[in-house]
Amino acid sequence: MPSSTSPDQRDDLETCILRFSNLDLKDASLINPSSSLKAELDSSTKKKYSFAKKKAFALFVKTKEVPAERSFECKEKLWKCCQQLFTDRTSIHRHVATQHADEVYHQTASILKQLAVTLNTSKTLSSADEKNPLKECLPHSHEVSAWLPDISCFNPDELISGQGSEEGEVLLYYCYHDLEDPHWICAWQTALCQHLHLTGKIRIATEGINGTVGGSKLATGLYVEVMLSFPLFKDDLCKDDFKTSKGGAHCFPELRVGVFEEIVPMGISPNKISYKKPGVHLSPGEFHKEVAKFLSQANQEQSDTIILDCRNFYESKIGRFQGCLAPDIRKFSYFPSYVDKNLELFREKRVLMYCTGGIRCERGSAYLKAKGVCKEVFQLKGGIHKYLEEFPDGFYKGKLFVFDERYALSYNNDVVSECSYCGARWDQYKLCSTPQCRQLILTCPACQGQGFTACCVTCQDKGSSKASGPTQDSFKEECECTARRPRIPMELSQYVRQPVSPEPGPDAAVDGPRLV
């Protein structure tokens with residue numbers, strides 16, 4: 001969509017970022033800083049701004065490159081953006097400049113901040129305590145550029161040519177490790193990903209790093225090599241910690257790297273619930289045996305074992321372990337409250353926890369253990385990702401939800417979810433068709449053909465009356481499907497275990513979504 005930020009506001013914000021490298025880019029108070037800061041920009045700083053703006057624009061355009069089709073063999077490159085195919089640089093540049101100015105602006109700000117952090121890094125480190133772990137681990141150079149791989153031996157196109165869905169790759173990983181200077185790591189990760197033309201999301205905190213990045217296989221391979229050799233992570237990370245899947249840079253709209261309090265948002269300070277006290281890790285093989293043992297019991301409701309899905313409801317809706325307890329929560333930050341509200345459910349139970357890649361279980365299991373009611377708490381090492389690599393036809397049925405533009409990965413042919421409108425088996429998510437509503441919806445082709453493309457009746461009506469209705473801001477989060485779902489559900493004393501395959505229920509109708 002066209003930029004909503006004026007040129008003057010951008011100049012002020014960018015000046016503010018350069019002047020103060022530790023600013024929070026999301027701080028609304030920075031939108032109109034004092035224009036007097038402009039006078040402090042020297043020629044060197046202005047050159048950096050010009051460089052950052054050009055680099056941000058070029059990086060955004062590169063993420064939209066797609067492999068040329070046969071009919072376009074004479075063309076050097078093709079670009080796809082907003083469901084449009086562009087065959088020449090002028091047209092894609094014009095499109096990005098007019099429709100994605102905000103994205104380019106924020107990427108420019110990110111590069112400017114990274115440059116500012118880089119310039120201040122050596123001063124910060126030299127004044128730090130002599131026993132600073134970062135200083136001890138990085139004896140040769142504290143400059144970000146010193147920890148970027150040498151790519152001079154590769155043709156530049158090799159790093160980006162494999163970003164199509166068949167040739168590219170997406171990495172998912174995390175590493176819990178106490179970090180003294182997460183902002184330095186943030187600057188380094190930003191530079192590293194830009195250096196390798198990777199997109200994705202990386203969260204950094206004093207407790208470690210959590211990332212998912214996409215690009216060519218060459219680029220992701222170099223990224224893994226750098227991470228495994230980096231002094232702060234080399235003793236905690238191994239190659240098996242990186243989960244891979246088909247994808248590429250196109251799976252993410254941009255690169256986002258930031259410093260947060262937690263590397264996975266549970267909503268509780270790491271100082272209160274630490275990753276250092278998790279449940280017992282079970283390999284995929286060990287977890288498989290435990291699930292098999294549980295499912296073989298004649299009366300599972302009376303079992304002392306609970307298989308607990310730590311993910312959000314829209315994740316478990318399209319794929320889950322047989323016989324699991326899948327909380328009907330929208331965010332992982334609701335998980336602690338869910339445990340508190342249903343604490344008696346876990347008393348004297350053996351809890352087998354799992355999530356996508358394992359990271360949510362690290363602190364989720366620590367929280368459950370801290371309550372002191374469970375007999376034992378276990379977690380699936382490597383998460384569903386690693387389990388499906390070893391047991392694609394095992395006890396996990398359905399798709400694996402992922403937080404990128406692919407929405408889901410398929411390892412088996414099982415469909416465990418249904419169309420929200422008619423109840424037919426369906427598991428391919430789409431975004432609600434109503435502007436600014438970010439709810440995910442399951443609507444089959446037949447229902448889509450009838451115009452049912454919104455997440456609920458309210459959104460469907462809003463979409464139909466948008467032209468003469470209220471402003472776009474009033475559309476956000478005003479959905480029946482959100483309002484009718486309790487924020488923290490209360491489970492029955494004997495919880496209803498999730499079935500393997502759904503059957504169309506009696507409440508299915510063609511004039512509105514089914515209750516979920």
Listing of strands (runs of 3 or more DSSP E) fully contained in the stretch 320-438 that carry 3 or more residues being more than 29 Å from Gly214 (Cβ to Cβ) and touching a strand residue (DSSP E or B) at 6+ places or on another chain (Cβ under 6 Å): 350-354, 376-380
Output for the stretch 88-113, where each listed residue is under 26 Å from the mean Cα position of the chain (by Cα) and not in a helix (DSSP H, G or I): His100
Tally of residues being within 16 Å of Cys238 (Cα to Cα), open to solvent by 10 Å² or more (accessible area, probe 1.4 Å) and part of a helix (DSSP H, G or I) across the stretch 194-226: 5
Residue pairs meeting the criteria (Cβ under 9 Å; at least 6 apart or on separate chains; first under 9 Å from Tyr275 (Cα atoms), in the stretch 358-369; second open to solvent by 20 Å² or more (accessible area, probe 1.4 Å) and polar (S, T, N, Q)): Arg363/Ser274; Ala366/Ser274
Pick from the stretch 56-87, criterion assigned to a loop (DSSP other than H, G, I, E, B) and out of contact with any strand residue (DSSP E or B) (no Cβ under 7 Å at 6 or more places or on another chain), ranking: modelled with the highest pLDDT: Cys82
Any hit, the stretch 277-285, residues being part of a loop (DSSP other than H, G, I, E, B), closer than 19 Å to His385 by Cβ, open to solvent by 40 Å² or more (accessible area, probe 1.4 Å) and of a type in the set (Lys, Arg): no
The stretch 220-242 residues that are under 17 Å from Ser283 (Cβ atoms), paired with ones that are modelled with pLDDT of 95 or more and not polar (S, T, N, Q) (beta carbon under 6 Å, 6 or more apart): Asp241/Tyr173; Phe242/Leu171; Phe242/Tyr173; Phe242/Val224
Candidate set: the stretch 389-437, residues that are among the small types (Gly, Ala, Ser) and within 23 Å of Ser296 (Cα to Cα); chosen: the one surrounded by the most Cβ atoms within 10 Å (Cβ to Cβ): Gly398
Ile151 vs. criteria open to solvent by less than 10 Å² (accessible area, probe 1.4 Å) and β-branched (Val, Ile, Thr): no
Matching residues, the stretch 227-243, being assigned to a helix (DSSP H, G or I) and open to solvent by 10 Å² or more (accessible area, probe 1.4 Å): Leu228, Ser229, Lys239, Asp240, Asp241
Where a residue in the stretch 445-462 is farther than 12 Å from Ser433 by Cβ and surrounded by 19 or more Cβ atoms within 10 Å (Cβ to Cβ) and its partner, wherever it lies, is of a type in the set (A, V, I, L, M, F, W, C) and modelled with pLDDT under 80, with Cβ under 7 Å and at least six apart: Thr458/Cys479
Odd one out for Gly162 among (1) open to solvent by less than 40 Å² (accessible area, probe 1.4 Å); (2) under 28 Å from Lys217 (Cα atoms); (3) touching a helix residue (DSSP H, G or I) at 6+ places or on another chain (Cβ under 8 Å); (4) modelled with pLDDT of 80 or more: (4)
Qualifying residue in the stretch 290-311 (condition: under 30 Å from Asp178 (Cα atoms) and open to solvent by 10 Å² or more (accessible area, probe 1.4 Å)): no
Any chance Lys381 is within 25 Å of Ser283 (Cβ to Cβ), of a type in the set (Lys, Arg), in contact with a His (Cβ under 9 Å, 6 or more places away or on another chain) and modelled with pLDDT of 95 or more: yes
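The values are calculated or read from the model by the stated rules, or taken from the named source; none is laboratory data. All values derive from a computational prediction rather than experimental measurement. Here Cβ is always computed from backbone atoms with ideal geometry, including for glycine, and neighbour counts include all displayed protein chains. Side chains included, ligands, DNA and RNA excluded: accessible areas come from the protein's heavy atoms. Shrake-Rupley method; radii C 1.70, N 1.55, O 1.52, S 1.80 Å.
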